[in-house]
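Please treat every number below as a calculation from the coordinates, not as lab data. Note that this is a predicted model, so its numbers are computed, not measured. Glycine also receives a Cβ, built like all others from the backbone with ideal geometry; neighbour counts cover every protein chain displayed.
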Amino acid sequence: MAETGSPGGGVGMTKTGSPGGGVGMTKTGSPGGGVDITKTGSTGGILGIVRPGSTAMSLAVFSLTHLVVDFACFFVLFGVFYVGVEELPLISAGFLLYNAVAFALQVPIGFLADKVRFSHGFFAVVGLVVVLLGVLIPASPWLRLAFCALGNACFHIGGGIDSLVFARGRFARSGIFISFGALGVALGTLSGKGELLTPAWVAVILAICTLLVLRFCLLKKQPYEAPFSFPPARIKASELVVYLCLIAIVVRAVVGAYTPVPWKSTVFLTLLPAIVVFAGKFSGGMLADRFGARRVASMSLLISAPLLAFANDQIILCCIGLFLFNITTAVTLCVLVDKLPQNPGLGFGLTTLALFVGTGFSFFFAMPESWRPLLTCALIIVAIGCIMFTTPKRLRIGN
């Protein structure tokens, strides 16, 4: 059994490394065939509530804290739970429990956040404190795992909402926030297995991050609307767009959970998949903003399919495949939330629920290696189809 890196800091049976608007907007024709979107000056607009400098700082703090939270959770998973539970079936059950709480529980937490509309930083701080308890309390490994998973879910809702409502109609901000989790998962796993840090040091790092969130992310009058206002795609029905985005996320999670990376023989090679996954998620939103979401997402998945299906045992080709495969992460998230603009917390939680469903198959079903290449290609084609019908071709945004 090994871990699966994911935005929500989940674990799987294999490691892939994967693994209404508040701004008035007007569309105008653009020579490049895209759509220019400019502000019309809404009195309740997001950009008028919080200074751009403060939102940039909140993104930096949330992103780095995302790394630390996932680091701490996987430190506990492998440094406390894995060594404290002897039976392999119980270890597998514990990892599944962690995924269920950290991923699936984001749906009700996100729904609650949309209703009460506290500061985004409030949910992040609650999550940090709960993870801190999971790191420090002298309790059973199961209880510590549960604390870490619950805290992880709360933190991700706070940071996820922040990445969506201050996105300024772009994909980039969400991609940046999500990407840091892959590094935290890999580093936390290595640290937990190798006992490189004590729980006290991990707690100190979490406490520092908590202070940073309190200082820079508890902004006043924070909005809860995600005004992407994307131009229409081929399918315009909001509910169908949401369902297709969730299907795309589920099938991508299945591919990630069943794609082995057999060449992780050294510390560097163990970290390398996480680095390329980080790079793919980090740059994916920017590439979508620059070259068009539909084109970037579909082409990156199409090229990744043969690399992950037939060349996963080749270091360079597999890394290219992992990079391309993770480019679409921010695209499916933002396209889904565009259809739930008043509920960014619920929208973010639905995407992590889809990840839980997709990775969950690997806990119950083994896939024969002879099936994997063709099934990988077939599932990626399904994801491409979902993206082609739900994602806008191109978007130009005026600052």
From phi via Karplus (6.51, -1.76, 1.60), per-residue ³J(HN,Hα) for the range 292-308 in Hz, x at Gly/Pro
x, 5, 5, 5, 5, 5, 5, 5, 5, 5, 4, 6, 5, 4, x, 5, 6
Positive-end residue, the range 300-399 charge dipole about Cα centroid, Cβ charges, pick of 314, 367, 355
355
Overall form of the range 25-397 per C-alpha gyration tensor (a/c, 1.5; a/b vs b/c)
oblate
By the Cα gyration tensor axes a ≥ b ≥ c (a/c under 1.5 gives rounded; else a/b larger than b/c gives prolate, otherwise oblate), the shape of the range 135-272 is oblate
List, in the order given, every pair from 115/193; 115/236; 236/281; 264/339 whose Cα-Cα distance in the structure shown is over 32 Å.
115/193; 264/339
Going from the fewest other Cβ atoms within 10 Å to the most, one would list 339, 193 as 193, 339
Taking Cα pairs under 8 Å and at least six residues apart, what relative contact order does the range 25-397 come out at, in percent?
27 percent
